[in-house]
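Q: Structure provided below as structure tokens; questions to follow.
Where a number appears in this text, it was derived from the coordinates with a stated rule and is not lab data. From a predicted model like this one, the values you see are computed outputs, not experimental measurements. All Cβ positions, glycine included, derive from the backbone under ideal geometry; neighbour counts span all protein chains shown.
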Amino acid sequence: MKNSLKYLSIFVLIALTVTACLSDDGNDSDSYENEVQTLQTLKADIEALVATSVCNESTECKSIAFGSKPCGGPWSYLIYSTSIDTQELETKVGQYNQLEAIFNAKWGVLSDCAVANPPVDIICENNECVAVY
């Protein structure tokens, strides 16, 4: 129940932020900066969560597509272990990916359209999950 409330509050906060960011108040510069700040804050939260993961064996290691390139697909893949709250990670990454896709479309963001390949394997090395490409 506590996790449900936690995720609901995170969702409500993100929804309110997106609503505020997408409202047309005539000041695109402030809106753009607010949206960038929202994305940066969420990205930092996600990266901090991933940084706390540790592993004992390779079967604990996973990857998740992260970001939303304007041409489609993720910017990269986050490597983590199941020692963290994976449901929280998946929820935050899903929110981030969706917000970045909206941001890209709204502001006409461009990218190189290169495909970010997922790792072919992920191994546990010195209690850290390491991607193999």
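Q: Using the Cβ atoms and a cut-off under 12 Å, what net charge is assigned to the surroundings of Ile122, where Lys and Arg are +1 and Asp and Glu are -1?
A: The answer is -4.
Q: Taking the Cβ of Thr86 as the center, what net charge do the other residues with Cβ under 14 Å away carry, scoring Lys and Arg +1 and Asp and Glu -1?
A: -2
Q: In a shell of Cβ-Cβ distance under 12 Å around Asn56, excluding Asn56 itself, what net charge do Lys and Arg (+1) and Asp and Glu (-1) give?
A: -4
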